Amino acid sequence: MKKTFNTIFGLSALTLLLLTSCGSAPQSDSNTLTVLASTSFLADIAQNVAGGRAEVKSLLPLGADPHSYQAAPSDVAKIAESDVLILNGIEYEHFIEPLIENAGGERLIVIATNGLNPHPAEEHAEETESGEGDVHEAGDPHLWLNPNLVVTYVENIRDGLTKADPEGADVYRVNAEAYIEELKSLDAWIVEQVNAIPKERRLLVTNHEALGYFAERYGFEVVDTILPSFSSEAGASAQEIAAVVESIKSSGAPAIFLSEVENEKLANQIADETGVKVVSDLYFETLTNGAPAATYIDMMKHNVSRIVDALK
Ligand SMILES: [Zn+2]
C-alpha cells in the first residue's frame, strides 16, 4: 500500500509543479525562446521541433547518467534563464524539483511523456529484496527507447513551444511532422534489422531495467536484469545475482547489454560464470559528442546494430 500512496503522491506533486510553473513565458529581450531540456537526447528531439526558432540546450552534460546525477550549482542559473523546460517525467529527473524551486521565476514546463502509460513499478518492486527498487516508484521512465512513443514526446514538445511562442506555431507544426516521419522510418529500419535475429535468440539481459518498451515493440524477451530496478543507481544482492546467472544459463541468452555510463563490474562477473559476452557500449541515457550517438536517431541505430550483431 505504501507504494501505491507514493506513486499517487508523486503524480500530485508533479501536477502541482505544472500548475505553479505554467505561467505565460516571460518576455525575453532577444525575442527568442530560451529552451532547456533535462538531458541530451531530449534536447536533440526538441531541437528538431524548434528548428531555427530556438536553440535547445541540455541541462545535463553529455555522458551524464540522469539516474545518478548530482545537481551542480550552475544548474539553478540555467533553469532560471529558461522560458521552457522540457522533462521526460516519470521521476527520471529525480533531482529537478529543488532546482526549479531555487530558480524561482516562471517558465513553461513540458513533460514529454504526458499522455503515455508507463509500465508500473509495483511488479518488480515486490521482488526487490534490497528495497532499492523504490528509486523509480512512478514506473519505468525509458519510453524514449521505443521511437513510436517518441512521437508523443514530439507532439507534447510542439504544443509546449507553440504555447510559449504562438507566432512560431506553423514552424513547430511543420518541423514536428517532418521529425515524426523520421521516427517512423527509424521504427521500420529497426524492424528490418531485428528480422536478422532468429526469434529464439531475441533475448535481452541488461544491467538495469532499461529496455522494457524496446523489447515490447520489437519482440524481444527481457530474460533478466542484473539490478532489479528501473534505475542504474540500484544495487543487487548475492541471491539476485545468482538468479541472473541461473536465468542466463536456462534461457541461453547470448549476451549482457549495458549502457556506456554503467558500472561493468557485476556484468563481467556474471559473464565469467556463464560464458556470455558483455556488450557495454550502448547508449540509453545520453548522446555522445559526435559518433556513435550524436543524435537520438543515431543513438537508436547504434544500439540496434550492436544488439543485432551480438544476437544474430
Ligand atoms: Zn535507465
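The values are calculated or read from the model by the stated rules, or taken from the named source; none is laboratory data. Everything numeric in this text was worked out from a predicted model, so none of it was measured. Cβ atoms come from the backbone with ideal geometry, glycine included; neighbour counts cover every protein chain shown. Surface areas here come from the heavy atoms of the whole protein model, side chains and all, with no ligands, DNA or RNA. Shrake-Rupley method; radii C 1.70, N 1.55, O 1.52, S 1.80 Å.
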Would you check if ARG306 is open to solvent by 30 Å² or more (accessible area, probe 1.4 Å), under 24 Å from PRO120 (Cα atoms), touching a residue at least 24 places away in the same chain (Cβ under 8 Å) and more than 15 Å from the ligand (Cβ to nearest atom)? no
Within the range 205-219, track down each residue that is in contact (Cβ under 8 Å) with a residue 40 or more places away in the chain, open to solvent by 20 Å² or more (accessible area, probe 1.4 Å) and more than 14 Å from the ligand (Cβ to nearest atom). GLU216, ARG217
Would the range 243-265 turn up any residue that is closer than 25 Å to ASP187 by Cβ and open to solvent by 60 Å² or more (accessible area, probe 1.4 Å)? yes
Number of the condition not met by PRO147 [criteria: (1) crowded, with 20+ Cβ neighbours inside 10 Å; (2) over 30 Å from LEU311 (Cβ atoms)]: (2)
Within the range 265-274, restricting to residues that are charged (D, E, K, R) and free of Cβ contacts under 8 Å to residues at least 12 places away in the same chain, the one that is farthest from PHE214 (Cα to Cα) is ASP272
Before we move on, is ILE226 within 16 Å of the ligand (Cβ to nearest atom) and either in contact with a strand residue (DSSP E or B) (Cβ under 9 Å, 6 or more places away or on another chain) or β-branched (Val, Ile, Thr) (or both)? yes
Just wondering, is there one or more residues in the range 99-113 that are among the small types (Gly, Ala, Ser), within 21 Å of ASN303 (Cβ to Cβ) and within 16 Å of the ligand (Cβ to nearest atom)? yes
When both residues are 6+ apart or on different chains and their Cβ atoms are under 8 Å apart, which pairs have a first residue that lies in the range 92-109 and is free of Cβ contacts under 8 Å to residues at least 60 places away in the same chain and within 22 Å of GLY139 (Cα to Cα), and a second that is within 16 Å of the ligand (Cβ to nearest atom) and among the hydrophobic types (A, V, I, L, M, F, W, C)? GLU93/LEU87; HIS94/VAL135; ILE96/LEU87
Looking only at residues in the range 51-68 that are within 20 Å of ALA293 (Cα to Cα) and buried (at least 18 other Cβ atoms within 10 Å of the Cβ), which one is farthest from the ligand (Cβ to nearest atom)? VAL56
In the range 150-176, anything open to solvent by less than 40 Å² (accessible area, probe 1.4 Å) and aliphatic (A, V, I, L, M) is listed as VAL150, VAL151, VAL154, ILE157, LEU161, ALA164, ALA169, ALA176
Would you tally the residues in the range 288-302 being open to solvent by 10 Å² or more (accessible area, probe 1.4 Å), in contact (Cβ under 8 Å) with a residue 60 or more places away in the chain and not β-branched (Val, Ile, Thr)? 2
Would you say LYS277 is over 18 Å from ALA210 (Cα atoms) and either open to solvent by 40 Å² or more (accessible area, probe 1.4 Å) or at pLDDT 95 or above (or both)? yes
What tally of residues in the range 229-242 results from selecting those that are away from the ligand (no atom under 12 Å from the Cβ) and surrounded by 18 or more Cβ atoms within 10 Å (Cβ to Cβ)? 2
